[in-house]
Amino acid sequence: MAGAASRGMAMFEKGAKNLITDVAGLYVGHAQDDVIKTGVTVLTAERPFVAGVHIMGGAPGTRETALLSPERLVQEVDALVLAGGSAFGLDAASGVMDGLRAAGRGFAVGDQLVPIVPAAILFDLINGGDKAWGQNPYAALGRAAFEAASPDFVLGTVGAGTGALTADLKGGLGSASVTFDGITVGALVAVNALGRVTMGDGPQFWAAPFEMGAEFGGLGTEALRTGAFDPSARPLVKGHRDGATTIAIVATDAALTQAQATRMATAAHDGIARAIYPAHTPMDGDLVFAAATGARALRDPLMDTLYLGNAAALCLSRAIARAVYEATPAAHDPLPTWAEKFG
C-alpha cells in the first residue's frame, strides 16, 4: 500500500491529442447553428459503455439520468449528449437515438433496439442569437453531431459551447486528457458558468496550477502571488442570473462498474470548483457524466479509483480553461472572448 500511495501527481502525463478521444474507441461530434448561437456535442463509442452521473448544480436539465444509478437494469449506454437550448435542447437526444438506431445500435428488447442516450443541457437562450425558430432544431442538430463523430475534433466556439457564456467572457467547448500506469483519462466540457474562469481583472485562469505545458497560455498563477484576487469581494456573476450551467463528461479506458463510474463523476466535480469561481450555484445546473470503455483492468481497485477521480478532476479543470481560451468571436456576441480581452 505504501508503494501505491507514494505514486503522486508526477505520474500523470498529457495525452497524445490532449482530448477525451485519447481514450481509445471514443468519438466526439459537434453540430451548431451560428444564427441561433447554440449547438450539440455527442460522445459515442464503438460499442456500448458503462456510464455514471453526478449532479451538483441547483438547476439541472437532464434526460435519462435516472437509469444511470447503479441499481438500475441497464448498465451501459450508447452515447452521451451535451446540448444548448435549455429544456428545448433535450430533444437533441432524439436525433442521436435516430442515428444510433439506423446504425443498428441499442438495447435489445425482443426484436426492437432502443438506444440509450442520457443528455444534459445548458441555458444559452439569452446570448445574442436569434431564437425565433419555427421548429425545435435540436433533434436535427443531435443527428448531425452523431454523424460527425470522430476521434479528432476542435475546441472553443463549437457544438454545445457555441453560445456559452461565463460571467465576463465568452464560454466554449473544451477537452483535456492524461495517462497514468497505462490508463487514459479525459474530459469534455461545455462551459456556460454563472461565475468566472479567470482571477480578478487579469488573464490568468483559476485552473492555472493544473495547466500542462502552455495549453491555455502558460500564464501561471501571478494573480494569486500578487494579490490581484480579493477573497473578501463578492464574486462577479452573470447579469442574467436565471441561466447558466457547466456540463461535462469524464472518460477512461479502465474497467469500471457503474458505481465506480459514478464515483469518478463525483470526484470530477472538484475540477469544476477549481476552475470556476463560484461554482455549483443554485442557478447553475452543473453536471458530470462518467464513461468507462472497460479496455484495461484495474490493478488495485481501491487506489486506482482514487487516482481515476483525481485525474478526472485534473482533466476537467484544464478542459474548462481550454474551452474559454479557445473561444472565437462571432456577430452579436454579448461578451468578448478571452483572446479579444487579453490578446
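None of the figures in this text is laboratory data; all of them are computed from the coordinates on show. Treat the numbers as computed from the prediction; the structure is a model and nothing was measured. With ideal geometry, Cβ positions are generated from the backbone for all residues, glycine too; neighbour counts draw on all protein chains shown.
Which shape class, rounded, prolate or oblate, goes with the stretch 33-92 when its Cα gyration tensor gives a ≥ b ≥ c as root eigenvalues, a/c under 1.5 marks rounded, and past that a/b bigger than b/c marks prolate? Note, shape of the stretch 33-92 comes out oblate. Here's how it looks for VAL114: its modeled amide H is under 5 Å from those of PHE107, ALA108, VAL109, which are all 5 or more places away or on a different chain. Over the residues of the chain, the helix contribution to mean residue ellipticity at 222 nm works out to -7000 deg cm²/dmol, using -39500 (n - 2.57) for each DSSP H run of at least 4.
Please label the shape of the stretch 103-238 as rounded, prolate or oblate, based on the square roots a ≥ b ≥ c of the eigenvalues of the alpha-carbon gyration tensor (a/c under 1.5 means rounded; beyond that, a/b larger than b/c means prolate, else oblate). Oblate, since a/c reaches 1.5 and b/c is not below a/b. A simple count of charges around SER177, restricted to other residues whose Cβ falls under 15 Å of its Cβ and scoring Lys, Arg +1 and Asp, Glu -1, yields -2. Of the peptides 170-176, 204-210, the ranking by mean beta-carbon count within 10 Å, highest at the top, reads 170-176, 204-210. Packing order of peptides 38-50, 111-123, highest average first: 38-50, 111-123 (average count of other Cβ atoms within 10 Å over each peptide's residues).
Using just the C-alpha positions of the stretch 268-310 as equal point scatterers, what log10 of I(q)/I(0) does the Debye formula give at each q in 0.20 1/Å? These q points yield log10 I(q)/I(0) values of -0.75.
What nm distance separates the two modelled labels at ASP181 and GLU76, each placed 7 Å from Cα along Cα→Cβ? Using points 7 Å along Cα→Cβ, the separation is 2.5 nm.
Residues ASP22, ASP168 in ascending order of nearby Cβ atoms (within 10 Å, fewest first): ASP168, ASP22.
Stretched out straight at 0.36 nm per residue, the stretch from ALA108 to ALA331 would grow longer than its current Cα-Cα span by 75.7 nm.
Under the simplified labelling scheme, the MET11-ALA214 pair shows an inter-label distance of 3.1 nm, with each label point 7 Å from Cα along Cα→Cβ. Summing charges over neighbours of GLY217, with a neighbour being any other residue whose Cβ is under 15 Å away from its Cβ, gives -2 when K and R count +1 and D and E count -1.
In order along the stretch 180-192, phi translates into HN-Hα couplings of 7, 6, x, 9, 10, 10, x, 9, 9, 8, 9, 9, 9 Hz, rounded to whole numbers, per the Karplus curve 6.51 cos²θ - 1.76 cosθ + 1.60 with θ = phi - 60° and x for Gly and Pro. Overall, the anisotropy analysis places the stretch 202-343 in the prolate class: the square-rooted eigenvalues a ≥ b ≥ c of its C-alpha gyration tensor yield a/c not less than 1.5, with a/b exceeding b/c.
According to the Kirkwood relation over distinct C-alpha pairs, the hydrodynamic radius of the stretch 62-126 is 12.5 Å. Residue order for PHE153, PHE146, PHE229, fewest other beta carbons within 10 angstrom first, comes to PHE229, PHE153, PHE146. Counting neighbouring beta carbons within 10 Å and listing from fewest to most, the residues HIS332, HIS54, HIS269 come out as HIS332, HIS54, HIS269. Summarising the label geometry, the points placed 7 Å from Cα in the beta-carbon direction at THR221 and VAL35 lie 4.8 nm from one another. Residues whose amide H comes within less than 5 Å of that of ILE36, counting only those at least five positions distant or on another chain, are ASP130 (H built at 1.01 Å from N in the peptide plane). Over the chain, the reciprocal of the mean inverse Cα-Cα separation, the Kirkwood hydrodynamic radius, stands at 19.6 Å.
Based on C-alpha pairs under 8 angstrom that are at least 6 apart in sequence, the chain has a relative contact order of 24 percent.
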